[in-house]
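Asker: Before I ask anything, here is the structure I am working with.
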Amino acid sequence: MANFQLDIAKFGGTSVADFKAMTSSVQVSASNPNTRLVVVSACAGVTNILVELASGACSRDKIEELIKKLYDIHYEIASKVATTDICLKFIKEHLNEIRDLANEAAMERSDALTDRIVSHGELMSSFLIVEVFKLHGYNAKWFDVRQVMRTDSCFGHAQPLVEVVESLCKTHLAPLLQEDNIVVTQGFIASNSEGMTTTLGRGGSDYTAALLGEALAASTISIWTDVPGVYTTDPRLVPHAKPIDELTYLEAAEMATFGAKILHPSTLIPAVRRGIPVYVGSSKEPEKGGTWVKPETTSHPAFRAVALRKNQTLIVLASPKMVGASGFLAKVFGVFAKYNQSIDLVSTSEVSIAVTLDAGSNTSGISQLNESMLNELRQFCHVKVEHNLSLVAVIGNEMSNIPGTATKAFDAIEDYAVRMICYGASNHNLCFLVDEDKAVSALTALHKHLLED
Ligand code: ADP
Ligand code: ASP
Ligand code: MG
C-alpha cells in the first residue's frame, strides 16, 4: 500500500476531449505531487457514438460514418504527440475491432456486447493521454483497470465486488504507485470473474475513481470536470446557480441521486466508507476553485440545492382488494424484485400504489421496463404506465423538522401540475414529479424562491 498521501484524479469526457483539454488535464494532475493515479473517461461524445454502434440499428454505411467520426476525434490527439505512428496503429486496431463488433450487434445486440464495444472509448483515451503526459516530460504508465475492477455479470450496470477489488488493487496496482510515476487507467469499465468486460453504467468513471480510492486508501479523490465545482443546481439549466464551497457527503449523495449529473449517484458510497474527502473542480479553470465534499461542513442550510432527473416512468397499480387487506405491497414489491427493477419513489392510497422507475442509467440506454413484469402485475391489479416525467428535488437539511420549509417549496411551484410528491421519508429531500416539458421551468422556480436572495 502506498506510504505517501495518494490523490486519485478523475478526468471526465470534456477534460480529455481533445489535445488542448488533455494538456490542461496533464497540467492539473502534475500540479499536485500526490496525484499518482489518473482515471479517465472516453473523449467527449465517444461513448454516445459507441452506444449507437452497439444498438444493432446501424446499417453498414452508418457504421462506417460513425467509425470515421471516432477516427477523427482520436486522430486530432494522436497527430500531436511524439509517437503518432504508434498511436495511429493502436487506434486503427481498436476501430477495426469496434467495426467487427458493431456488425455482430447489427445481427443480434446484447448488453454484454454493448459493454465490449463501449469499453474501447476509455481504452483509447487512456492510451493517448499517457502520450500527452510523456510529451510534457512525465513518466506515465498505462494500466488496464479490468485487472482490478471486478464486478458481477450485470452487463450495462454492473456492481463492484468491493473486497475482491481491494485485494486485486493491493496485488496489481499498489506496487506500481510506489514508483516515481503517474499511473493512468480507465473509468467506467470493469470485468467479471470470467474476464468478460462489464461497465458501471453511464457516467460511471466517477464511481471507478472512488472505488479505487477506497481500495488504495487514498487521502483525496479529485473529480475534474467542465464546471468549477458543484452548484446549487445545474448551471447550464439555471444561469443563476451558485457554486458551493463545501457539501456534506449526504448532501452530495442526495444531489447525485436526484440527477446532479456532475457526480455518478454511487460515487460517494466508497468515499463515505473510508471517510475520503472528494474535491470537484474544473480542469480547464482550476484557478476558479471548487467544492469539497466531506463528512461535515460548517453550515447546514435548510435548502442547499435543487436537482432534476429526467426519464422517469410512473406506474400506478390499483386494486379494490387492497382496502383493509394485507400483503398487497409485499406482492407488488416481490414482482419488481424478481425482475431486478429498482424503485425510486413510492406513494400509497387506500386502493392504489404509485411508484417511479428511472428509465436511464444502463449503458445501453434501453429502457429497463419489462413487459413480462407488467403482465405479471396485471394478473392481480390494474396497471397504468406514464412516461415523459421528471423528478425535481429540493435537497437540504432537517427539512421535515423546520416549520414552514414544505410550504415555501409548495408556494414556489404552485403554478405547476405535480403528479406525485415525496416528503417525510428523508429529512434531506422533498421531491416533485412533473411533466418533462415543465421540469426546467419548475426547477428554475424552486431555485429562485429557495436559493436566490
Ligand atoms: P464529466 O464528463 O466531466 O463527467 P458530466 O457532464 O458528467 O462531466 O458532469 C458535469 C456536468 O454536470 C456539468 O457540465 C453540468 O451541466 C452538470 N450538472 C448537473 N448538476 C450540476 C450541479 N449541481 N452543479 C454543477 N454541475 C452540474
Ligand atoms: N464514458 C462513460 C460515459 O460517457 C463514462 C463516464 O464518462 O463517466 O458514460
Ligand atoms: Mg460524468
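The values are calculated or read from the model by the stated rules, or taken from the named source; none is laboratory data. Please read these numbers as outputs of a predicted model, since none were measured by experiment. FYI the Cβ positions are ideal-geometry reconstructions off the backbone, even for glycines, and counts take in every protein chain you see. To get the accessible areas, we keep the full protein, side chains included, count just its heavy atoms, and leave off ligands, DNA and RNA. Shrake-Rupley method; radii C 1.70, N 1.55, O 1.52, S 1.80 Å.
Asker: What is the pair-distance distribution P(r) of segment 109-201, computed from all Cα-Cα distances in 5 Å bins starting at 0, with each bin given as a whole percent?
Answerer: Taking every Cα pair in segment 109-201, the percentages come to 3, 15, 22, 21, 18, 12, 7, 2, 0.
Asker: Taking a 1.4 Å probe, which of His157, His387 shows the most accessible area, and what order do the others take after it? Intermediate values should be presented prior to the final figure.
Answerer: Values: His157 70, His387 100 Å².
From most exposed to least exposed: His387, His157.
Asker: Sticking with this one: Using a 1.4 Å probe on the protein heavy atoms only, what accessible surface does Glu131 show? Give it in Å² to the nearest 10.
Answerer: For Glu131, the solvent-accessible surface is approximately 20 Å².
Asker: How many percent of DSSP beta bridges within the chain run antiparallel, rounded to 5?
Answerer: On the way: 43 of 69 bridges.
In the chain, approximately 60 percent of DSSP beta bridges are antiparallel ones.
Asker: Using Cα-Cα distances under 8 Å and only pairs 6 or more residues apart, what relative contact order does segment 286-427 have, in percent?
Answerer: Values: 175 pairs, mean separation 51.1, N = 142.
Value for segment 286-427: 36 percent.
Asker: So which cysteines of the chain have no other cysteine's Cβ under 4.7 Å from theirs?
Answerer: Unpaired cysteines in the chain: Cys43, Cys58, Cys87, Cys154, Cys169, Cys381.
Asker: Normalising by the residue count of segment 113-247, find the relative contact order in percent from Cα pairs under 8 Å and 6+ residues apart.
Answerer: 23
Asker: On the first, second and third principal axes, largest extent first, how far apart are the outermost C-alpha atoms of segment 1-140 in Å?
Answerer: The Cα atoms of segment 1-140 stretch 50, 31, 21 Å along the principal axes, largest first.
Asker: Just the number please: accessible area per residue for segment 1-140, 1.4 Å probe, all protein chains included, in Å². Show your work: numbers first, answer last.
Answerer: Details: 5740 Å² over 140 residues.
For segment 1-140, the per-residue accessible area is 41 Å².
Asker: Provide the gained length on full extension for the span Asn370 to Arg60, in nm with one decimal, where the gain is 0.36 nm per separating residue minus the Cα-Cα distance. Don't skip to the end; give the middle numbers.
Answerer: Values: separation 310, 0.36 × 310 = 111.60 nm, distance 2.99 nm.
The Asn370-Arg60 span can extend by a further 108.6 nm.
Asker: What is the total of Lys pairs in segment 50-142 with C-alpha atoms under 17 Å apart, excluding same-chain pairs fewer than 8 positions apart?
Answerer: Here the count comes out as 7.
Asker: Oh, and also: What accessible area per residue comes out for segment 174-257, rounded to a whole number of Å², with a 1.4 Å probe? Spell out each step's value before the answer.
Answerer: Working: 2550 Å² over 84 residues.
Using a 1.4 Å probe on heavy atoms only, each residue of segment 174-257 averages 30 Å².
Asker: For segment 191-275, what is the charge dipole size about the Cα centre, in debye to the nearest 20, if Lys and Arg each add +1 at the Cβ and Asp and Glu each add -1 at the Cβ?
Answerer: Working: 6 positive and 9 negative charges, 18 e Å.
That gives segment 191-275 a dipole magnitude of about 80 debye.
Asker: Normalised by the number of residues in the chain, what is the relative contact order in percent for Cα pairs under 8 Å and 6+ residues apart? Mind showing how you got there, number by number?
Answerer: Working: 962 pairs, mean separation 64.7, N = 453.
So the answer I get is 14 percent.
Asker: Something else: Probe radius 1.4 Å, ligands and nucleic acids ignored: give me the carbon and sulfur share of the accessible area of segment 362-453 as a rounded percent. Please report the intermediate quantities before stating the final value.
Answerer: Details: 2150 of 4540 Å².
Accessible surface attributable to carbon and sulfur in segment 362-453 totals 47 percent.
Asker: With the other protein chains left in place, how much accessible area per residue, in square angstrom, belongs to segment 314-453 at a 1.4 angstrom probe?
Answerer: Numbers: 6940 Å² over 140 residues.
I get 50 Å² per residue for segment 314-453.
Asker: Among DSSP beta bridges whose residues both lie in segment 93-235, state the antiparallel percentage, nearest 5.
Answerer: 50
Asker: Which value, in Å² and to the nearest 10, is the accessible area of Val418 when all protein chains are kept and the probe is 1.4 Å?
Answerer: It works out to around 50 Å².
Asker: May I pose another question? Rounded to the nearest 10 Å², what accessible area does Lys294 show when all protein chains are kept and the probe is 1.4 Å?
Answerer: The value for Lys294 is about 60 Å².
Asker: Please give the length that would be gained between Glu285 and Val418 if that part of the chain were fully extended, namely 0.36 nm times their separation in residues minus their C-alpha to C-alpha distance (nm, one decimal). If you can, show how the numbers build up before the last one.
Answerer: Working: separation 133, 0.36 × 133 = 47.88 nm, distance 3.87 nm.
Difference between extended and current length: 44.0 nm.
Asker: Rg and Dmax in Å for segment 21-70, alpha carbons only: what are they?
Answerer: 16.2, 48
Asker: Let me ask something else. Would you work out what percent of the accessible area of segment 216-295, with all protein chains in place, is carbon or sulfur (probe 1.4 Å)?
Answerer: Numbers: 1860 of 3240 Å².
The computed percentage sits at 58.
Asker: Only Lys, Arg, Asp and Glu count, each charged at its Cβ (+1, +1, -1, -1), so figure out the dipole size of segment 30-119 about its Cα centre, rounded to 20 debye.
Answerer: Values: 11 positive and 14 negative charges, 62 e Å.
Using Cβ point charges on Lys, Arg, Asp and Glu, segment 30-119 gives about 300 debye.
Asker: With charges only on Cβ, +1 for K and R and -1 for D and E, what is the dipole size of the chain about its Cα centre, in debye, rounded to 20? Can you show the working numbers first?
Answerer: Numbers: 39 positive and 51 negative charges, 43 e Å.
The calculation lands at about 200 debye.
Asker: Give the residue from Thr405, Val418, Leu374 lying farthest towards the positive end of the charge dipole for segment 322-451; charges sit on Cβ (+1 for Lys and Arg, -1 for Asp and Glu) and the dipole is referred to the Cα centre.
Answerer: Going by the Cα projections, it comes out as Leu374.
Asker: Please give the per residue volume of the convex hull enclosing the alpha carbon atoms of the chain, rounded to a whole number of Å³.
Answerer: About 154 Å³ per residue, rounded to a whole number.
Asker: While we're here: With labels modelled as points extended 7 Å from the Cα through the Cβ direction, what inter-label distance (nm, one decimal) is found for Lys141 paired with Glu398?
Answerer: The answer from the label model is 5.1 nm.
Asker: In degrees between 0 and 90, to the nearest 10, how far off the longest principal axis of the chain does helix 439-451 point, with axes built from Cα atoms?
Answerer: 90
Asker: Could you sort Leu450, Leu369 by accessible area so the largest value comes first, with the probe set to 1.4 Å? Walk me through the numbers on the way to the answer.
Answerer: Working: Leu450 25, Leu369 45 Å².
Sorted descending by solvent-accessible area, the residues read Leu369, Leu450.
Asker: At 1.4 Å probe size, put Arg236, Arg146 in order of accessible surface, largest to smallest. Show your work: numbers first, answer last.
Answerer: Numbers: Arg236 155, Arg146 60 Å².
Descending order: Arg236, Arg146.
Asker: Once neighbouring chains are kept in place and the probe is 1.4 Å, which whole percent of the accessible area of segment 1-138 is contributed by carbon and sulfur? Numbers along the way, then the final one.
Answerer: Working: 2810 of 5640 Å².
For segment 1-138, the apolar C and S fraction of the accessible surface comes to 50 percent.
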